[in-house]
Structures are given as C-alpha cells and as structure tokens.
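**Student:** The structure that follows is given in the form of structure tokens.
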Amino acid sequence: MNTNAGRWLMRGLSAALSMVTALCMAAKPLAAETVEQFYRGKQIRLIVSTDTGGAYDIYARLLAQVMKDHIPGNPSIIVQNMPGASGLKAANYIYNAAPRDGTVIAGTHSSVPTGPLTSHAAALYDINKLSWIGSITGDPYIGYVWHTASIKKLEDAKTSQVIMGGVSAGTAGVDLAILAKDMFGLKLKIVTGYKSSTDVKLAMERGEVEGTFANAWSSIKTADPELLTEKKILIIVQHGFKKQPELPDVPLIFDLAKTEADRQALTFMLARQQAAKPYFGPPEIPPDRLDALRRAFDAAIRDPRFAAMASRMGLTLDQPMTGDELASLAIRISQTPTSVIERVTRMLTNFSQ
C-alpha cells in the first residue's frame, strides 16, 4: 500500500469512528431527573375535603408542617380546602383533573374508599387507580355495658337480651348493633333517639339502657377515662381489623363471622374506621415519586414533632396505615360483591322502617 492510500484509509477509519461515537452519544439517554431534583423548589398542594377548623383540616395542616422535611428536595406544602359531598368533590378532582406528577395530593373523608360502592353516580373515580399514600389514624370503636348490666361479656348476648342505646341509624353505635343482631343472632334491643354518645352514657347511668354497641375508643380514653379507671363499664367487643394493644382479651367483632360473606360485610362497614384519615394522589404518579411520598408520610407520622403537635391538639394516632396497606384495603373494598352490599343495606333499611 502506498503512502497516500494508507493516509486516506486512516482518515476514513477515523471519520467512521467519530461518526459511530457521535451516534452512540446521541442515542444515550440523558440522566433521569431524580426525585430530589424534581421536588427542589416546588410546592405541593394538599387538598382537604372539609372546611377549615375541623379534624380533617387540622390533621392535614400538622402533617404539612412535618412531611415536607421528609420529602427529598424539601418542597413546601400548602393546604387548600375543597369541601363538598362528604369528600367526593375532592376525590373526583384528584382523579380527573389534578396534575399526575406528584405535586397534588389529598386528605379526605374516610367514606371516599367506599364511595364508588355507595354513591355510584357521584363517585367518579376508581379506588384501585388512586395513588394511596397512607392513613394518619384509625378510629376504632368499642362496645360496652354498664357494670350492673345483665351481661358481662359478648358471649352472654347470644342467650340474654341486653338493651343498647344509640343516636340513630347511620351512626356506628346503631348500625353495627343492627348487623350484629341480624347477622350473628345477638339478643340486642336497640333504643335510638339520643342526641349524642354523651346522652347515651347518661342514659346508662340512669338505667334506661345497659350499654352501647359502638363508641369511639379515643372518646372513652380522652373524654371519659373515669369510666375505665372506676370500672363503671365492661368492654365486651371491639370493632376493627385487629385488636387494640390495651384490649388483648376483648373479642373482635370479626370473631363472630362464620362465612366469607359475613367478613366482607364487616370489612365494608368497618373500612371507614380502619382508614379514618386517608391520603392519596391521582393515578399514574411516577413510581419513584409515589414511593418518596409514601416514605415521607410514614416518617412524618413517626416524627416526635408530629406526635407532640397532635397530642397538644387532642388528636389520636391509633393504628396508622401505610400506602401499601391502604391500597390493599382498597382492593378488598372494591371486591365486595353487590349481594353483600344489598344485604347490609337491607338490614339497615328494615330497621329504619
């Protein structure tokens, strides 16, 4: 090969190599934006489904103060109130209109997960497609009787009648008593018409009723602790998916369920108590950002600052749920057969009539 030919060959190879290198560099994707880079300097909107001043709003404003410090990039979080239709207005907005990039999330009524089953026309969302972040607290209920009542434990109600007081159908104290009576054959005489749970407690003291089948555990612990310390009441049942640590020997209502239909009915009824303060985002939030939001939510709930602020405001932090747990509950709720919902509705309607 002569000198000129070799020189041209080397130039050709060099040019080809340069072209291949350029093509490879052009084909190589740019480094993906990290979660920290995305959130740095941004603002997250936290939509609350109530007016200002209520429990949902207070929880959200406390969470906003702490959760931002646990999100990579430390974005600010502002709370915006969007009341309407018991949380459905906010849920519909999140599902159908909110940006799906992780900059808008919501804290809503506990009825939102069951909304599509009970309010078909108004609930314009699929609970299995929402990006569940977590629930701050559960709202477990207990049933109890006055210390002089004719029964001393739940098992006794299978053979002896006990008079249970409540406010009205549509409240946990009455609805759960109706289900226990119809589904499990407990001999409950249900007396309604009291203005509040406080009035039911006074009626117990007067001997008008012997107990109530469902009252918030947090209410007893914080508002009426003397009922426990002075042993004025006997707790006979707890309504939840798992037992309260303080009540290891008190049976769960689920212990009475003998069939899958019974368990599905109870899951449907108790979902609102289990996930009492649910938080979620729109569908299709990028997985890494949703994971960051979930981890930040969990860290905020465990943060001593949040616990201290909640305690000062008289707010409970009972059995919080992670995003994965809340998503699993949503699946269980969505799989509730129509026949089960119709069964529950029929029992409650028959009592009201």
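The values are calculated or read from the model by the stated rules, or taken from the named source; none is laboratory data. Bear in mind the structure is a predicted one, so any value in this text is a computation, not a measurement. Reconstructed Cβ throughout: ideal geometry from the backbone, glycine too, with neighbour counts over all protein chains shown.
**Student:** Look at the range 167-222 and say how many of its residues are out of contact with any Leu (no Cβ under 8 Å at 6 or more places or on another chain), under 24 Å from Met347 (Cβ atoms) and β-branched (Val, Ile, Thr).
**Tutor:** Within the range 167-222, residues that are out of contact with any Leu (no Cβ under 8 Å at 6 or more places or on another chain), under 24 Å from Met347 (Cβ atoms) and β-branched (Val, Ile, Thr) number 9.
**Student:** Among the residues of the range 277-294, count how many are in a helix (DSSP H, G or I) and on the phi > 0 side of the Ramachandran plot.
**Tutor:** Taking the range 277-294 and keeping what is in a helix (DSSP H, G or I), we get 287-294.
Now restrict to residues that are on the phi > 0 side of the Ramachandran plot: none.
Result for the range 277-294: 0.
**Student:** Can you tell which of Pro286, Pro251 is in contact (Cβ under 8 Å) with a residue 60 or more places away in the chain, in the same structural domain as Ile333 (by TED's automatic domain parsing) and surrounded by fewer than 18 Cβ atoms within 10 Å (Cβ to Cβ)? Explain how you work it out, then say what you get.
**Tutor:** Working: Pro251 fails: in the same structural domain as Ile333 (by TED's automatic domain parsing).
Result: Pro286 is the single residue among Pro286, Pro251 that is in contact (Cβ under 8 Å) with a residue 60 or more places away in the chain, in the same structural domain as Ile333 (by TED's automatic domain parsing) and surrounded by fewer than 18 Cβ atoms within 10 Å (Cβ to Cβ).
**Student:** Considering only residues that are in contact with an Asp or Glu (Cβ under 6 Å, 6 or more places away or on another chain) and in a strand (DSSP E or B), look in the range 120-151 and name the one that is surrounded by the fewest Cβ atoms within 10 Å (Cβ to Cβ).
**Tutor:** Trp146
**Student:** Follow-up question, since we're still on this one. So is Ile44 farther than 21 Å from Gly138 by Cα, β-branched (Val, Ile, Thr) and not in a loop (DSSP other than H, G, I, E, B) or not? I'd like the intermediate steps shown before the answer.
**Tutor:** Numbers: farther than 21 Å from Gly138 by Cα: yes; β-branched (Val, Ile, Thr): yes; not in a loop (DSSP other than H, G, I, E, B): yes.
Answer is yes for this residue.
**Student:** Here's a follow-up. So which residues in the range 172-197 are over 26 Å from the mean Cα position of the chain (by Cα) and either over 18 Å from Lys153 (Cβ atoms) or part of a helix (DSSP H, G or I) (or both)?
**Tutor:** Just the residues of the range 172-197 that are over 26 Å from the mean Cα position of the chain (by Cα), to begin with: 181-182, 184-195.
Residues satisfying the conditions are Lys181, Asp182, Phe184, Ile190, Val191, Thr192, Gly193, Tyr194, Lys195.
**Student:** While we're here: Of these, Ala299, Ala307, which one is surrounded by fewer than 17 Cβ atoms within 10 Å (Cβ to Cβ), in a helix (DSSP H, G or I) and free of Cβ contacts under 8 Å to residues at least 40 places away in the same chain? Before you say what the answer is, go through the steps one by one.
**Tutor:** On the way: Ala299 fails: free of Cβ contacts under 8 Å to residues at least 40 places away in the same chain.
Selected residue: Ala307, the only one of Ala299, Ala307 that is surrounded by fewer than 17 Cβ atoms within 10 Å (Cβ to Cβ), in a helix (DSSP H, G or I) and free of Cβ contacts under 8 Å to residues at least 40 places away in the same chain.
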